[in-house]
Structures are given as structure tokens and as C-alpha cells.
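Down below is the structure, laid out as C-alpha cells.
The values are calculated or read from the model by the stated rules, or taken from the named source; none is laboratory data. Remember, it's a predicted structure, so these values are computed and weren't measured experimentally. With ideal geometry, Cβ positions are generated from the backbone for all residues, glycine too; neighbour counts draw on all protein chains shown. We work out accessible area using only protein heavy atoms, side chains counted, and drop any ligands, DNA or RNA first. Shrake-Rupley method; radii C 1.70, N 1.55, O 1.52, S 1.80 Å.
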Amino acid sequence: MAKRKIKLPETEEGTILFNIDPIIIKQHYEIDYIHSYAQYTPFFAGLAKKKLLGTKCPKCNYTYATPKTHCMLCGNKTEWVELPKVGKVHTWTTCYFGSEEFLKETPFTLILVEFDGVDTFLLSRLIGVREEEIKIGMKVLAQFRRNLKFNPTDVYFIRY
Amino acid sequence: VNTWKGNEFLALASDTNFAMMVVRHMYEFGTTVEQLAKVSIKNHGNAIYNPYSQSPSKLTVEEVRSSPMVAYPLTMLDICTMSDGAAVCILASKEKAFEFCDKPIKITGVGTGTDTMRLSDRPRGKVILLPWESEEDYEGLEYPGVHSCRAGRIAAKMAYEQAGIINKKSIDFVELYDSYTSSEIQAYEDLGLCKYGEGGLFIEKGYSELDGKIPVNPSGGLLACGHPIGATGLMQAVFAFWQLQGTIEKHLGNNTLQIKNARRGIVHSHAGTGTYVTVNVMERGF
């Protein structure tokens, strides 16, 4: 009686080798992060309400445009405060190179925004102003993305 | 990640930060892009005589300014190349040092300074003064803000105090962190080689050239030698070591870069964007 051959099923896909001696092969790898914004949640929730939130130390009154949950000077827990939507350009640069995430958006302009009564600055992008027109001290207005990505790029600035 | 990918992450974060710092520096003090270019010309030019350097070249201001723009106003030639490399220093007690070599070098001052990691968090207060400066020099200046590195100034003050430096004339040369042409100009000021705001003039008047008042980066620095990150600080220390020993000719094959009678040198190195800076004072131990 003829024996039936036992075999693993085959597919038609080939395999690409980058080299044969030694054999070099590519393996695809991707990862999804599930990550919590934890105590910074109010900042992102604020973006959804078109509000820019910073933090303020109740003890020494130092106010942070880029939120810090604890004061860097005295260590006290800070409180959330609403920042003005209009600020000034404290400094800027136009990026012609970027990481993979932002490369397709180059060139883009980054600014440090200075707000009245706020001690630290906020890093954000300046849209719609040509490089030759950017001046330190010019007024800028915060705008918010409509279809939120819930990351810091949801807020950006235009000329005021 | 591969070294080159890690380098890419570091470089991208750094480029925009240093660019924003120099834009403010230009606004506060009138520093010009031509002054930045002169730093590049000096360091790449010095490196021609340093076989350990990666990119020795004779440059002009037009060439530096017309190389591809990376982050305004810094172009490719304003920025060092991230690299791979290694350096070794052997530390020993005084007795042992003389057993190993006739010309050991002494470390007479060590200083370290830190500042916030985020550029936006840098405070605006008063200048931390060195012994040869006074408050009147800086009336109305908000410091460090984003134009200067408080960490560098703190490190320099600590190291100078330990080494007993009360006069900048007693410094024979400096190997400082020129990851960018602008960081060299900022470091002139942080190290007290000139007042805050006069860094641009310092290079323009030729004070930091090989034959200048205080030669800076005679080796070609990071701009021309390359930036092997972890090894960079030691690389700078090795070049300083050979200067102090008087053995530049032995190691580089020619003595063009030898500073005559170099007795005391400063080595200055950064981590982050002026987040963590160290300053070491090295002197002849013989």
C-alpha cells in the first residue's frame, strides 16, 4: 500500500534575503503603546475646550507656561491656571530637518512664546508667517486643531 | 538603536534648541551670522594640522553661509558631525603618575553646573559673576534666559575657584564644546574669556585664533574633529594633555597647533543643551 506523504502546507510567497553568505533577513517589528497622560490630563482636556492651561505654584507664585505638576523652585504641588491666548515671540527658528515624524512637514517654524505674567515659555509652532517677517517681540495668537490628536501639536500659533 | 539612529535623535533635539538660543543671542547682543561662520573657518582650518580630525578644510564665510540650512540660522557647516570614536585617559596619584611618564598633567580644578533640561524653563535673573566681572557690566540683562548657559558659568566659577584662577590672563588655551559655532561663542562668555555679549567680537578680533590672546580649540574642536558624544569630553582632554606636555608634534606629526609654553588649559564640555556642563582646569604637573 503506498504511504501518503505528510507535508506542511506551502505558500506561494517567497522570502527576500539581503545576503546569502552570511544569510541576512528582514523581520518587521511594530509596537503600540498604551500610555496615560496622568496628572497632565487637564492640559490635553483644555486643548479640547480651546483653552491653553499652565500651572502656578500657590506658595511662590511662579507660573509655568509648559505645565509642571510641582514647582521646580520650592517643590510644592502646582495648580492649573488658564493662560492668555495672546503672547509674544521670545525666540524662534525654522527647522529644515526633522525626525521621521516631522520630516514631511519641514520647513516649519518653532517659537518659544512669552506670555504676560508667566515666568516660563511654551514651545510651539508658528504657522503662516514667512521667515523674513518673523520678529522677536511680535504678537502671536493660540489656535487649536479641530480634529484633536491629543498631543501638544494640537495648539499652534498665528500672527495676531 | 544603532549609533547613527541615536545620534539622529540627539542631533535633532539639539539643533533646534541651539538655533533658538543663538537667535535670541543675536537679538540681545547683535551677534552676526558672519561671526558664527568665522568660528567654523577657524576650527576647520586648525584641523588641517590634526590627523585625528574628520573634516579639516579651508572655508570662507560664503561657503559656510551657503551650505544647507538645518535650523535657522545654523547651516551644516555651523554644526559638528555626530561620530564614533574612543579616547582614553589614565588617572593616577602623583607618585604613580611619575612612574608612568616624565610629563604627567595635573587636574587642578573641577567644576560642574546644571540647568533645566527644557529651554523654555530657563529662568530670567541676574548674571552669576566671575571674579573679574561686576554687576554694572550687566545692568538690565535678564540671565540666563535662552541666550546663555548658566550651567557653563557655574561650572567655570567652581573650577576657577578650585584652581585659584583670578585672572583670565593665566589661561593659556581652551578646548571647549563647539558642537555649534554658536555654542563656541556662548562658551567664550560662559567661561569668562570675555563679557556676556562680546563673544561675537572675540572671534571677529581674532582673539581665539592659534596666535590670538587665548587660543580656543587649537585642535579643531568638535566642529572639525567630530563629536563621538560619550568620548568627546575625553577627546578634548587628550588634546589638552598633549598641549600641556608639549608633545603635539609627537602625536600629530607637526607642531603647527602647539601653543608655546602652554602651562594651563581649560577643558569645557556639555551634555544636553547646556543642561549639564563640566569645566576642568589642567596644568603641567612637572
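Please calculate how many Å² of accessible area the stretch A:56-160 carries per residue, with a 1.4 Å probe and no DNA, RNA or ligand atoms counted.
Per residue, the stretch A:56-160 has 53 Å² of solvent-accessible surface.
I'd like the mean, over residues of B:71-77, of how many other protein chain beta carbons sit within 10 Å of each residue's own Cβ.
4
Take each of the peptides B:238-245, A:133-140, B:257-264, A:121-128, average the number of other beta-carbon atoms within 10 Å over its residues, and list them starting from the highest.
B:238-245, A:121-128, B:257-264, A:133-140
May I ask you to derive the relative contact order of the stretch B:138-286, considering only C-alpha pairs under 8 Å and at least 6 residues apart, and to give it as an integer percent?
29
Output the direction-averaged projected area (hull surface divided by four) of the convex hull of the alpha-carbon atoms of the stretch A:77-148, in nm².
6.5
Specify the inter-centroid distance of the stretch B:13-40 and the stretch B:222-286, based on alpha-carbon positions, in whole Å.
Each part reduced to its Cα centre gives a spacing of 24 Å.
Could you tell me how many cubic angstrom of Cα convex hull volume the stretch B:137-244 has per residue?
Cα convex hull per residue, to the nearest whole number: 116 Å³.
For chain B, count the residues as N, evaluate 2.2 N^0.38 Å, and divide the Cα radius of gyration by that value, please.
The reported ratio for this selection is 0.94.
Could you give each residue of the stretch A:46-63 its phi-based ³J(HN,Hα) in whole Hz, using Karplus coefficients 6.51, -1.76, 1.60 with θ = phi - 60°, and x for Gly or Pro?
x, 4, 5, 9, 6, 10, 9, 10, x, 10, 9, 7, x, 7, 10, 6, 5, 10
Hey, can you rank B:157-166, B:42-51 by average C-beta count inside 10 Å, highest first?
Averaged packing, sorted descending, gives the order B:42-51, B:157-166.
For chain B, what relative contact order do you get, as a whole percent, if you take Cα pairs closer than 8 Å and at least 6 residues apart?
29
How far is the Cα center of the stretch A:58-98 from the Cα center of the stretch B:186-208, in Å?
One Cα centre to the other: 31 Å.
With respect to the cross-link table entries B:Lys38/B:Lys126; B:Lys38/B:Lys205; A:Lys104/A:Lys149, which display a Cα-Cα separation exceeding 19 Å?
B:Lys38/B:Lys126
Starting from the 7 Å offset along Cα-to-Cβ, what nm value, one decimal, do you get for the label separation of B:Asp137 and B:Ser57?
Between B:Asp137 and B:Ser57, the simple spin-label model gives 3.6 nm.
Describe numerically, in nm with one decimal, the distance between label points set 7 Å from Cα along Cα→Cβ at A:Glu133 and at B:Lys250.
Going from the A:Glu133 label point to the B:Lys250 one covers 6.3 nm.
So what is the relative contact order of the stretch B:1-154, in percent, for Cα pairs below 8 Å that sit 6 or more residues apart?
21
Ignoring everything but the protein chains, give the 1.4 Å probe accessible area of A:Met72 in square angstrom, nearest 10.
Solvent-accessible area, nearest 10 Å²: 70 Å².
In terms of modelled amide H atoms, which long-range or inter-chain residues lie less than 5 Å from the amide H of A:Thr91?
For A:Thr91, whose amide H was placed from the backbone, the distant partners under 5 Å are A:Leu112.
Amide H of B:Ser83 versus every other amide H placed in the peptide plane: which residues, excluding those fewer than 5 positions away on the same chain, fall under 5 Å?
B:His227, B:Ile229
Exceeding 27 Å between C-alpha atoms, which entries from my cross-link table qualify? They are B:Lys96/B:Lys157; A:Lys68/B:Lys195; A:Lys56/B:Lys195; B:Lys58/B:Lys157; B:Lys106/B:Lys157; B:Lys42/B:Lys94.
As for pairs spanning more than 27 Å Cα to Cα, those are B:Lys96/B:Lys157; A:Lys68/B:Lys195; A:Lys56/B:Lys195; B:Lys58/B:Lys157; B:Lys42/B:Lys94.
Mark the label point 7 Å from the Cα of A:Asp116 along Cα→Cβ and return the residues of the stretch A:143-160 whose backbone N is within less than 16 Å of it.
A:160
Compute for the stretch A:47-92: radius of gyration divided by Kirkwood radius, i.e. Rg/Rh, restricted to C-alpha atoms, rounded to two decimals.
On the way: Rg = 11.6 Å, Rh = 11.4 Å.
We get a ratio of 1.02 for the stretch A:47-92.
For the interface of chains B and A, what total accessible area is buried with a 1.4 Å probe, rounded to the nearest 100 Å²? Walk me through the numbers before you get to the answer.
On the way: alone 13110 and 12400 Å², together 23390 Å².
Heavy-atom accessible area buried at this interface is about 2100 Å².
How large is the convex hull of the Cα atoms of the protein assembly as shown per residue, expressed in Å³ as a whole number?
Spread over its residues, the Cα hull of the protein assembly as shown gives 245 Å³ apiece.
If you average the C-alpha positions of the stretch B:61-80 and of the stretch B:86-123 separately, how far apart do those two centres end up, in angstrom?
When both Cα centres are located, 32 Å separates them.
Tabulate in residue order the Karplus-calculated ³J(HN,Hα) for the stretch B:120-136, using 6.51 cos²θ - 1.76 cosθ + 1.60 with θ = phi - 60°, rounded to whole Hz; enter x for Gly and Pro.
5, 8, 5, x, 10, x, 9, 5, 7, 8, 8, x, 9, 10, 9, 4, 4
Leaving ligands, DNA and RNA out of it, rank B:Glu249, B:Glu209 by accessible area with a 1.4 Å probe, largest first.
Most to least solvent-accessible, the answer reads B:Glu249, B:Glu209.
Mind checking B:108-118 for the average number of partner chain beta-carbons within 10 Å of each residue's beta-carbon? Kindly include the intermediate steps, with their values, before the conclusion.
Numbers: counts 0, 0, 0, 0, 0, 0, 0, 0, 3, 0, 7.
The per-residue average across the peptide is 1.
Rounded to a whole number, what % of the accessible area of the protein assembly as shown do carbon and sulfur atoms account for, probe 1.4 Å? Before the final figure, lay out each step's value.
Values: 12670 of 23390 Å².
Carbon-and-sulfur percentage of accessible area, whole number: 54.
May I have the convex hull volume per residue, in Å³, for the Cα set of the stretch B:74-121?
Output value, Cα hull per residue: 180 Å³.
When DSSP beta bridges are limited to those with both residues in the protein assembly as shown, what percentage is antiparallel, rounded to the nearest 5?
Bridges in the protein assembly as shown are about 90 percent antiparallel.
Starting from the alpha-carbon convex hull of chain A, give the projected area averaged over all orientations, in nm².
Averaged projected area of chain A's Cα convex hull equals 18.8 nm².
Leaving out ligands and nucleic acids, and using a 1.4 Å probe, what accessible area per residue does the stretch B:73-188 come to in Å²?
That works out to 47 Å² per residue.
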